[in-house]
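Read the structure below first, then the notes.
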Amino acid sequence: MAKAKAVVEEKPAEEAVETKPVKGVAKLEEEGDIAADYLEALLDIADLDGDIDIDVENDRASLAIVGGKLSHLVGRDGEVLDAIQELTRLAVQTSTGDRSRLMLDIDNFRANRRKELTKLANEMAEEAKSTGNSIKLAPMNAFERKIIHDTIQELGLSSESDGEDPQRYVVIYPA
């Protein structure tokens with residue numbers, strides 16, 4: 001009786017990195033449409049004006065509510081925006097049966113925050129390089145930490161998240 005032999009193929013380190021499944025553009029556009037319908041209904045219930053822009057970027061549906069007086073839908077430090085985004089993701093998941101990673105921006109809060117955090121990451125990277133010391137940043141949410149990590153990686157340095165939510169923060173290391 002022959003024994004079955006398992007063949008294990010080793011992959012180069014860059015291929016061994018776990019990747020998230022990429023949804024097709026049509027599926028992401030469907031998520032965007034479902035999310036837009038949900039957000040339109042929400043705006044109607046609250047009797048608020050605003051236009052909804054739908055896009056697909058970075059392998060996720062991206063929606064933005066613009067126009068009107070919407071700053072109260074952002075809340076302090078984006079807390080209300082984060083809650084609306086989660087509710088919208090749940091509405092999409094309920095409709096499609098799949099978990100959604102959609103991003104929501106209201107009143108350009110996330111776009112403006114991205115610019116601020118990119119500038120901060122550049123400044124802190126320079127400080128880490130010039131002093132040779134690691135830099136610990138203030139606690140941030142996952143969206144904000146990702147912007148810092150991406151910027152630091154582009155600059156050729158490394159960074160890690162540390163701590164527990166909501167006090168999770170980024171540490172930037174010199175080269």
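The values are calculated or read from the model by the stated rules, or taken from the named source; none is laboratory data. Worth saying up front: this structure is predicted, and the values here are computed from it rather than measured. Please note: Cβ atoms are built from the backbone with ideal geometry, for glycine as well, and neighbour counts cover all protein chains shown.
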| query | Just a yes or no: is a residue in segment 135-157 loosely packed, with under 15 Cβ neighbours inside 10 Å and among the hydroxyl-bearing types (S, T, Y)? | reply | no
| said: Out of A128, A121, I need the residue that is in the same structural domain as D150 (by TED's automatic domain parsing), within 30 Å of I152 (Cα to Cα), touching a Pro at 6+ places or on another chain (Cβ under 7 Å) and buried (at least 19 other Cβ atoms within 10 Å of the Cβ). Which one? | reply: A128
| task | Working carefully through the options L70, L102, L63, find the one that is modelled with pLDDT under 95, in contact with a Leu (Cβ under 8 Å, 6 or more places away or on another chain) and of a type outside the set (G, A, S). | result | L70
| field | Segments classed as helices (runs of 4 or more DSSP H), wholly inside segment 79-175, with at least 3 members that are over 14 Å from the mean Cα position of the chain (by Cα) and touching a residue at least 40 places away in the same chain (Cβ under 8 Å) | value | 79-96, 109-131
| Does V56 satisfy being β-branched (V, I, T), touching a residue at least 12 places away in the same chain (Cβ under 8 Å) and out of contact with any His (no Cβ under 6 Å at 6 or more places or on another chain)? | yes
